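Engineer: Here's a structure for you.
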Amino acid sequence: MLETRHKSQGDDATTLPGLGTYAFNLSPDGVHLWNQEAKAKTKTSDAEEQCRAVNWEEPIQAYHPVFFNGPQILNYGHLTDIHINSRVNLLQRSPAQVVTRVGEIMGTKKIADLVEPTNRAFRRLLSEIAGDAEAHALLVGGDLIDHQLNAFSKTPPDRTMKAVWDAVSLENQKEGYVRGADMVAFYTMLVDFCRSSSKPAFGVSGNHDCYLAPFGISPRMLSVRANAGIPADLNLTLYEAILAFGPTFDDFKIPSRAGHAPSSFDEAWMEWFYTVFTPFTDFRVQLAKQQLVCLGWGNDEHMVAGDDQGVAHLPRADESVSAVQLKLVTDATRDHVERPVTLLTHFTVASYREEVPMLTQGRATVGRLDSTTNKHTMGTFEKNRAAFIQVLTERTIECVLTGHSHRRGLYFLNAQTQHLQGAASATAVGIAMHEPKGFAIDSVPKAERRPAIIVSDSAGPYPRYNRSGEFEGWGSDKPGGSVVKFDERGELSSVKVVQHGGQQRPRLAVALDYFDIDIDPVWAEGGIETAPFTMDEEADMRRGKLRDDGSFYRLRLALSKRLPSTLRVASLTLHGVGRPSPLTLSFSGRQDEYKLLGEDNVKFWTWCQQVADPDRFLSVTFVWEDPRAPQYEVEGSWDYEARLLALARGSAKWYSIERPRRFAGAVTYRDLPDFAWRTKTRTG
């Protein structure tokens, strides 16, 4: 199977060393994903290059546990939605910056220092589960990778922006992309975990595990971002991610299948998962005093429908829950008193749309489960919904562990299970969503604790986080997972959120960037504008004539009222390539109008003069007076390209600062760099 799946597409350059039948060597970022040495002698033939990435002492095998000398009651570590993606490691070689260093002007951080590879996050979380004495076994919830065909460089690209663009280019697939590199990477890290921790692992498939064709870092379909949150998954703003990836950022050249939306889903590639990790698509494990029921994703997905989840939605498992899967669950529940049941799936059972807050007016957000698909069931299953929900209401399942939505939550069914107002079926049941971090299970009435539906965060990408509506769907948190503990009777006692202390916090700049583009402009009242003035007054200012208080320009920049009221601007820096120095305005208090004083007025006038090249940039820093602010990296700046408009009405004139719009196809976007200009400057 490995040799067949990893065969070249007609060019040896696109073949993994050893035809993908050997594991990689480990590195701090997960694994070595490209060749870091020149030609060397190989074990197979003199014609083949051996690269430092491959561990020739570790052939890929199928390991299946037959005996585990552990406790009678197992606690589970749960990691899901890893989305290993070797291309991201290549992006770490890019010198690209939003604001560049030209002459004496120091730019902002390199994007390579900001990007957080999913491989690194997963390796760190595995170490957390391995070192957690309370976790006895690992459950893997699917979506091990992003896509099977991915960039793989036999020698690392030069540390230039153009070289990295070429290495990951979707137009370079025949020469720069290989099959299965990310599956080999996942295998390498999982085997190392099991050996080093002596803990067994069980897992199910996700929809991405058979995605074949790659797509850009911000793919666009019919002018809409098809996978909207990919840059946020990597802790990058849209502009940063697109600049690092290059001109094929929006590629979504994936063929449509009959009756389906364009999708990279290719069920034949599920063979990799089921040959190496487990031969069972769905299975039930009898433990000493517990049962584990694991349901695979299935052989298809559904991602376009006109229902409460929108026209384009998080893919749903349209072949689950099948009759076979339902029987597997109901058979297990017959013995639930003696052996409590834990159910593991990738598709969700309950999961809210991102814009729905976890808490409403400080209390748990309440919704419903029923035979329809609604805003409380994002990424759910489509078959046998009424029958499966009926099983849940019988409270014979101890807990359900799911992923897919990249948004943690702890859900409990309400006691009232029928005749719910607005429900569409007799099996409707109310649900309440809680923040699992620090939540006390015993605060839930005992009659309602079973089943607990646990959605863990994503264990590679940065997950979505919307606690109280603070960024209306574009908040975030560190990659994470869960440790689920049971008492001596096998009943759920606690859910612990697991994160790695060394992982960079989600950047406030990323949440603001998505909010600005997807929800509402960050700057209210027409954006960043000066108060009106006359041309004669501006000419006098240039000759040194200012108001009595030393001011001239008055800059208005009020934040959107849809942002947290405790967020305010700390500083605004105006960068201009080739200018003598940037202009930084520092803010104190909560003023929406800022007076420029003294020489700053001339500097601002100079910055405002129209030029042909896109050489203006803003860096904005913030203060967030909120006790939850430490969850975010508030200290960094939000950097973006700026466009200046000189406006006039009658004798009045004023300046307006906004983001430029650029064409991609026939559509203009506010998140696109000027690639041609970048290659002409010293930024490459």
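The values are calculated or read from the model by the stated rules, or taken from the named source; none is laboratory data. Quick caveat: nothing in here was measured; it's all calculated off a predicted structure. Note that each Cβ is placed from the backbone with ideal geometry, even for glycine, and that neighbours are counted across all protein chains shown. Just so you know, the surface numbers come from the protein's heavy atoms only, side chains and all, with ligands and any DNA or RNA stripped out. Shrake-Rupley method; radii C 1.70, N 1.55, O 1.52, S 1.80 Å.
Engineer: For the range 626-638, check the following and say yes or no: at least one residue is among the β-branched types (Val, Ile, Thr), under 25 Å from the mean Cα position of the chain (by Cα) and over 30 Å from Trp677 (Cβ atoms).
Structural biologist: Yes: the range 626-638 contains one or more residues that are among the β-branched types (Val, Ile, Thr), under 25 Å from the mean Cα position of the chain (by Cα) and over 30 Å from Trp677 (Cβ atoms).
Engineer: Separate question: Please go through the range 432-472 and pick out each residue that is at positive phi and either outside any loop (DSSP other than H, G, I, E, B) or of a type in the set (Asp, Glu) (or both). I'd like the intermediate steps shown before the answer.
Structural biologist: Quick first cut of the range 432-472, residues at positive phi only: 438, 469, 472.
Listed by number, the list holds a single entry, Glu472.
Engineer: Here is a follow-up. Out of the range 267-284, which residues are open to solvent by 50 Å² or more (accessible area, probe 1.4 Å) and within 18 Å of Leu212 (Cα to Cα)?
Structural biologist: Selection gives Glu267, Glu271, Thr275.
Engineer: Taking the options Arg159, Arg120, name whichever one is of a type in the set (Lys, Arg) and over 24 Å from the mean Cα position of the chain (by Cα).
Structural biologist: On the way: Arg120 fails: over 24 Å from the mean Cα position of the chain (by Cα).
Just a single option satisfies the conditions, and that option is Arg159.
Engineer: So in the range 127-139, with the set limited to residues that are of a type outside the set (Gly, Ala, Ser) and open to solvent by 10 Å² or more (accessible area, probe 1.4 Å), which one is farthest from His32 (Cα to Cα)?
Structural biologist: Restricting to residues being of a type outside the set (Gly, Ala, Ser) and open to solvent by 10 Å² or more (accessible area, probe 1.4 Å), the top hit is Glu134.
Engineer: Within the range 228-256, how many residues turn out to be in contact with an Asp or Glu (Cβ under 9 Å, 6 or more places away or on another chain) and in a loop (DSSP other than H, G, I, E, B)?
Structural biologist: Matching residues across the range 228-256 total 10.
Engineer: Here's a follow-up. For the range 184-196, enumerate the residues that are among the hydrophobic types (A, V, I, L, M, F, W, C), open to solvent by less than 10 Å² (accessible area, probe 1.4 Å) and under 13 Å from Phe122 (Cα atoms).
Structural biologist: At the first step, the residues of the range 184-196 found to be among the hydrophobic types (A, V, I, L, M, F, W, C) are 184-186, 189-191, 193-194.
Retained after the next criterion (residues that are open to solvent by less than 10 Å² (accessible area, probe 1.4 Å)): 184-186, 189, 193.
If the condition is that a residue be among the hydrophobic types (A, V, I, L, M, F, W, C), open to solvent by less than 10 Å² (accessible area, probe 1.4 Å) and under 13 Å from Phe122 (Cα atoms), then Ala185, Phe186, Met189, Phe193 are the ones that fit.
Engineer: Could you list, in sequence order, the residues of the range 622-673 that are of a type in the set (S, T, N, Q) and in a loop (DSSP other than H, G, I, E, B)?
Structural biologist: If the condition is that a residue be of a type in the set (S, T, N, Q) and in a loop (DSSP other than H, G, I, E, B), then Ser637, Ser651 are the ones that fit.
Engineer: Is the range 508-515 home to any residue that is surrounded by 23 or more Cβ atoms within 10 Å (Cβ to Cβ), modelled with pLDDT of 95 or more, assigned to a strand (DSSP E or B) and in contact with a helix residue (DSSP H, G or I) (Cβ under 8 Å, 6 or more places away or on another chain)?
Structural biologist: Scanning the range 508-515 turns up no residue that is surrounded by 23 or more Cβ atoms within 10 Å (Cβ to Cβ), modelled with pLDDT of 95 or more, assigned to a strand (DSSP E or B) and in contact with a helix residue (DSSP H, G or I) (Cβ under 8 Å, 6 or more places away or on another chain).
Engineer: Quickly run through the range 247-302 and pick out the residues that are under 18 Å from Val140 (Cβ atoms) and of a type in the set (Gly, Ala, Ser).
Structural biologist: Scanning the range 247-302 gives Gly296, Gly298.
Engineer: A follow-up question, please. So, restricting to strands (runs of 3 or more DSSP E) that lie completely within the range 29-143, which ones have at least 2 residues that are among the polar types (S, T, N, Q), modelled with pLDDT of 95 or more and closer than 30 Å to Ser264 by Cβ?
Structural biologist: Numbers: elements: 54-59, 76-79, 137-140.
Filter on the range 29-143 gives an empty set.
Engineer: Here's a follow-up. I'd like to know if the range 636-648 contains one or more residues that are of a type outside the set (Asp, Glu) and farther than 26 Å from Gly576 by Cα. It would help to see each step written out before you state the result.
Structural biologist: Here is the first cut: in the range 636-648, the residues of a type outside the set (Asp, Glu) are 636-638, 640, 642-648.
Then keep just the ones that are farther than 26 Å from Gly576 by Cα; that gives none.
So far as the range 636-648 goes, no, none of its residues is of a type outside the set (Asp, Glu) and farther than 26 Å from Gly576 by Cα.
Engineer: For the range 206-227, how many residues meet the condition of being over 30 Å from Thr275 (Cα atoms) and either assigned to a helix (DSSP H, G or I) or at pLDDT below 95 (or both)?
Structural biologist: 8
Engineer: Still on this structure: Kindly provide the set of residues from the range 314-331 that are polar (S, T, N, Q) and open to solvent by 10 Å² or more (accessible area, probe 1.4 Å), ordered by number.
Structural biologist: Listed by number, the residues that qualify are Ser322, Thr330.
Engineer: Residues being in contact (Cβ under 8 Å) with a residue 60 or more places away in the chain, among the polar types (S, T, N, Q) and open to solvent by 20 Å² or more (accessible area, probe 1.4 Å): count how many of those fall in the range 143-172.
Structural biologist: The total comes to 3.
Engineer: For residues in the range 646-684 being among the β-branched types (Val, Ile, Thr) and either touching a helix residue (DSSP H, G or I) at 6+ places or on another chain (Cβ under 8 Å) or open to solvent by 30 Å² or more (accessible area, probe 1.4 Å) (or both), which is modelled with the highest pLDDT? Talk me through it step by step, then tell me what you get.
Structural biologist: Let us first name the residues in the range 646-684 that are among the β-branched types (Val, Ile, Thr), namely 657, 667-668, 679, 681, 683.
Now drop any that are not either touching a helix residue (DSSP H, G or I) at 6+ places or on another chain (Cβ under 8 Å) or open to solvent by 30 Å² or more (accessible area, probe 1.4 Å) (or both), which leaves 667-668, 679, 681, 683.
Values: Val667: 86, Thr668: 90, Thr679: 84, Thr681: 64, Thr683: 49.
Looking at residues that are among the β-branched types (Val, Ile, Thr) and either touching a helix residue (DSSP H, G or I) at 6+ places or on another chain (Cβ under 8 Å) or open to solvent by 30 Å² or more (accessible area, probe 1.4 Å) (or both), I get Thr668.
Engineer: Please identify the pairs in which a residue from the range 117-128 that is closer than 14 Å to Asn85 by Cβ has its Cβ atom under 7 Å from the Cβ atom of a residue that is in a helix (DSSP H, G or I), counting only partners at least 6 apart or on another chain.
Structural biologist: These pairs meet every condition: Pro117/Val88; Pro117/Asn89; Thr118/Val88; Asn119/Asn89; Asn119/Ala185; Phe122/Met189; Arg123/Met189.
Engineer: Could you please tell me which pairs satisfy a Cβ distance under 6 Å, a separation of 6+ or placement on different chains, a first residue in the range 513-527 that is farther than 18 Å from Asn235 by Cβ, and a second residue that is of a type in the set (A, V, I, L, M) and assigned to a loop (DSSP other than H, G, I, E, B)?
Structural biologist: Correct list of pairs: Trp523/Leu557; Ala524/Ala558; Glu525/Ala558.
Engineer: Out of the residues in the range 550-592 that are open to solvent by less than 40 Å² (accessible area, probe 1.4 Å) and small (Gly, Ala, Ser), which is modelled with the lowest pLDDT?
Structural biologist: Gly576
Engineer: Within the range 226-238, track down each residue that is touching a strand residue (DSSP E or B) at 6+ places or on another chain (Cβ under 9 Å) and surrounded by fewer than 23 Cβ atoms within 10 Å (Cβ to Cβ).
Structural biologist: Our first condition is that a residue be touching a strand residue (DSSP E or B) at 6+ places or on another chain (Cβ under 9 Å); within the range 226-238, this holds for 226, 229, 232-233, 235-238.
If the condition is that a residue be touching a strand residue (DSSP E or B) at 6+ places or on another chain (Cβ under 9 Å) and surrounded by fewer than 23 Cβ atoms within 10 Å (Cβ to Cβ), then Ala226, Gly229 are the ones that fit.
Engineer: Then there is this: Anything in the range 316-340 that is outside any strand (DSSP E or B), of a type in the set (A, V, I, L, M, F, W, C) and in contact with a Phe, Trp or Tyr (Cβ under 7 Å, 6 or more places away or on another chain)? List them, or say none. Before the answer, list the steps.
Structural biologist: Kept after step one, since they are outside any strand (DSSP E or B), are these residues of the range 316-340: 318-340.
If we keep only those that are of a type in the set (A, V, I, L, M, F, W, C) too, we end up with 321, 323-324, 326, 328-329, 332, 337.
If the condition is that a residue be outside any strand (DSSP E or B), of a type in the set (A, V, I, L, M, F, W, C) and in contact with a Phe, Trp or Tyr (Cβ under 7 Å, 6 or more places away or on another chain), then Val321, Leu326 are the ones that fit.
Engineer: Examine the range 473-482 for a residue that is open to solvent by 40 Å² or more (accessible area, probe 1.4 Å), of a type outside the set (Phe, Trp, Tyr) and either part of a loop (DSSP other than H, G, I, E, B) or out of contact with any helix residue (DSSP H, G or I) (no Cβ under 6 Å at 6 or more places or on another chain) (or both), and state whether such a residue exists.
Structural biologist: Looking through the range 473-482, none of the residues is open to solvent by 40 Å² or more (accessible area, probe 1.4 Å), of a type outside the set (Phe, Trp, Tyr) and either part of a loop (DSSP other than H, G, I, E, B) or out of contact with any helix residue (DSSP H, G or I) (no Cβ under 6 Å at 6 or more places or on another chain) (or both).
Engineer: Working only within the range 341-370, note down all residues that are open to solvent by 10 Å² or more (accessible area, probe 1.4 Å), closer than 25 Å to Ala386 by Cβ and either in a loop (DSSP other than H, G, I, E, B) or among the basic types (Lys, Arg) (or both).
Structural biologist: Arg353, Val356, Arg368
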